[in-house]
Amino acid sequence: MTGWSGLLARWPRSGRRWSLAPGARTVAPRPAPAAVVYRWDLDKTYLKSDFESLRKMMRVPFERAEDKIDEPGVVALIRALKTSARQEQRAAFVYFISASPPQIGRAIREKLALDGIEYDGIVFKDQLQHLVRGRFRFLREQVGFKLAELLKARIAAPPGAVEFLFGDDWESDPIIYSLYADVIAGRLEHDALADILVRLRIDPARLVEIKALSHRIAPADAVRRIFINLERRTPPDRFRSFGARLVPTFNYFQTALVLHEEGVVPLTAVVEVGRSLLERSAYSRERLRNSLDDLARRAYLAPNVAVSLRRDLEDAGLLPSTGTLGAWPRQLWRRWRRRRTRPLVRPPITTAAIEYPRLIDVWEASGSRLGGETS
Amino acid sequence: MPVIAVDAMGGDFAPDEVVKGVARASLGTTIECVLVGDEHRIQKILESVSYNPEHISIRHAAEVVEMNEPPKEALRAKRDASIAMGAKLVADGHAQALVSAGNTGACILACARHFRAIKGIRKTALASVYPRQTEYPGQDQLALILDVGATIRCDALDLVQFAVMGSAYARRVSKVERPRVGLLNMGAEPFKGGDVLAEAYQRLTTLPGVDFVGNIEGNDVAKGRADVIVCEGLLGNVVLKLIEGIADVVTDVASNAVKRRVVWRLGMTLLSRGIREIAHLADYTKYGGAPLLGFEHLFLKAHGRSTARAIENAVKVAAKAVRDGVAQEIAAGIQALR
């Protein structure tokens, strides 16, 4: 659409401003799947747990539900996942998985109830069996535990369900979730998986269990996205080798934007998450705008989707407005200037298969830990 | 929180160190920075370090004024240069201050083209902080000298205005309640240094709101007699470079001495703690940069060799100057002069 017809197509509907941004048309998100499973890690993903010192770590088991603090925007997002599925008559399941001991389960369940979170299951790691057997090394091991639990849950999931996984950059979530996605997709040979798990020094008993579980899985490329909450502000570049499936996000507004593009939440859910950040976490509209722009620059949002979202969110009053009716000649001039100097569009992230041995080497060399942590 | 525009492409180590400096500022503060420069290069560097995207936005600028380019010609030929676009962003109200480590001449020219001078200001002045000896406990370890290069020659009234601007900056940013102002000259007597300096002396003596302590000689610059030293740009620049040069020579002499004799090496080892303290005091990366005073908006010129730490501090100083209303304080001082 060019010339006058292009301009007329962008004539503001009632209550809307002019927008001369390239490709500023509403972009339809992907069609939503029939059943969606959302698997959430707890600490540093849902809860703002403080493990930075031994003293603070020791305090965690004694915290009451009302003392626990959730990550900004996470409650609004999980509520929106369930609400939007109900409105569109789709099935949506929310599960939590944590490598923390079940003794803190009561406080966690109370916290989830306080937040009004509807969930379908929660799993904790039974540390007692390791203590009883004197296997202290495996107290902190979580790759084996989480992978086995995820595989068990997959076997029990409705057939054809797609999955979205949520973790953080403090632990081994990126590698656990990537392994899980590739195992259930049948992309990882059983022997190759065993080699990787040996390399990760997981509990040998778990290794046997994982092998058996992986044989029972009917291959399906079910994991659409893995979201890693950059709570530690790990440089996003470190996650490039995990492929486009893994999305490092700095806040849950960014997560909501990608989920909207995936078609599992409507725009109103993105607005809800944004509003909760503005009202509960002292965010500004400029911070939200910068978050959207960052996601687009990192190529996790298609350029036309980013433009369309920005316009819609401006209309919803969530982002600061960029244009006014009276300023259109100036916008035309700016657009012409931008065309002259517009930066190149960044190529999308490659989706090549993950080379796990190399990835583990790089991941460990960069100082990120694998295997032996608590969650 | 103020919005600070940062010229990402200016400086010897740009854009890497500039972007890393802004990334550091984004983690430790709530200052919002607009990085102006090559979007792809900036984003690539950002993603390789820890940063908070909520506090950073990027404005693409396709061109750069190189450090060795003649400013006037470069700005005329490169309309989309990062420094020009940064200055325009501030002038249009999208940011409140500009930081650059790039070509000084181009920076000043870009500001002069886009920023409005404070009413009554005849000439702008580039001010620089430098470490000095303290005279009493609690005295700021840094003094301010202006002008250090924005002008070449000045008349008496310009020097008086520099005194007002320097006092305002010291009061607001360094939190010196009553800054002592000295006039750089070749002698302590009021009539020394020619007609311009003698007239400036007379005007400053009778000026209300400025604590004038008289002429300051070269050997008093590094002492704590004055918190603000006023001089014309040519002289100020020579003094500043001389201080930097002496520091370099002392370092070279000391490192050569260490290589020559064991006894000297032993002596240096004993003195190492004191040397470290001096080096820490003279570390320019701590001070941020030199503010260009006299415009309605603030421009902070960071050192050409600025590292990430220097840029981070420059951003913090710029934000502080905006928050503390330096420009408004200067405007009030100049208004009182008239």
Review point. Do you know the relative contact order of segment B:157-297, to the nearest whole percent, from alpha carbon pairs under 8 angstrom that are 6+ apart?
Key: 23
Exercise for review: Quantify, in whole percent, the carbon and sulfur part of the accessible surface of the protein assembly as shown (1.4 Å probe; protein heavy atoms only).
Suggested key: 55
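Please tell me which of these pairs span more than 22 angstrom C-alpha to C-alpha: A:44/A:211; B:88/B:119; A:146/A:211; A:68/A:152; B:72/B:320; A:146/B:44?
Too far apart for the 22 Å limit: A:44/A:211; A:68/A:152; B:72/B:320; A:146/B:44.
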Review point. For residue B:64, what is the net charge nearby, where nearby means another residue's Cβ is under 11 Å from its Cβ and Lys, Arg count +1, Asp, Glu -1?
Key: -4
Practice item. Would you grab the residues whose amide H sits under 5 Å from the one on residue B:6? Only those 5+ places off in sequence or on another chain, please, with H modelled 1.01 Å from N. Key: B:34, B:35, B:36, B:99
Review point. In what sequence, highest mean first, do B:147-154, A:193-200, A:67-74 appear when ranked by Cβ atoms within 10 angstrom?
Key: B:147-154, A:67-74, A:193-200
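Peptides B:83-89, B:196-202: what's the order by average Cβ count within 10 Å, highest mean first?
In decreasing order of mean packing, B:83-89, B:196-202 become B:83-89, B:196-202.
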Check your understanding: Any idea how far the Cα center of segment A:148-222 sits from the one of segment B:1-58, in Å?
Key -> 38
Check your understanding: What is the percent of Cα-Cα separations in segment B:150-302 that go past 20 Å?
Key -> 58
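Loop-only trypsin sites (Lys or Arg not before Pro) in segment B:213-321, please: DSSP not H, G, I, E or B, and at most 16 other Cβ atoms within 10 Å.
B:223, B:261, B:305
Could you work out, residue by residue across B:42-51, how many beta carbons of other chains sit within 10 Å of that residue's beta carbon, and then give the average as an integer?
5
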Revision key, fill the gap. Chains A and B: accessible area buried, summed over both chains, 1.4 Å probe, nearest 100 Å², reads 2100
Point to revise | Global geometry of the protein assembly as shown, whether rounded, prolate or oblate, following the gyration tensor of its Cα atoms and the 1.5 cut on a/c | key: prolate
Review point. If you take the beta carbon distance between residue B:266 and residue B:141 as r and set R0 to 22 Å, what does 1/(1 + (r/R0)^6) give as a FRET efficiency, to the nearest 0.05?
Key: 0.15
**Study point:** Inter-chain Cβ neighbour average for residues A:287-294, partner chain, 10 Å
**Key:** 5
Check your understanding: Under a Cβ-Cβ cut-off of 13 Å, what is the net charge of the residues other than residue A:83 that fall near it, where Lys and Arg count +1 and Asp and Glu count -1?
Key -> +1
**Study point:** segment B:151-220 versus segment A:66-119: alpha-carbon centroid distance in Å
**Key:** 66
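Is there a simple number for the mean count of other chain Cβ atoms within 10 Å of the Cβ of residues in B:54-62, and what is it?
Per residue, the average neighbour count from other chains is 5.
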Check your understanding: Given a 1.4 Å probe, how much area per residue of segment B:1-97 is accessible, in Å²?
Key -> 37
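The values are calculated or read from the model by the stated rules, or taken from the named source; none is laboratory data. The shown structure was predicted, so the numbers you read here are calculated from the model rather than taken from an experiment. We place every Cβ from the backbone using ideal geometry, glycine too, and count neighbours over all the protein chains shown. Note: accessible area is taken over every heavy atom of the protein model, side chains too, but ligands, DNA and RNA are not part of it. Shrake-Rupley method; radii C 1.70, N 1.55, O 1.52, S 1.80 Å.
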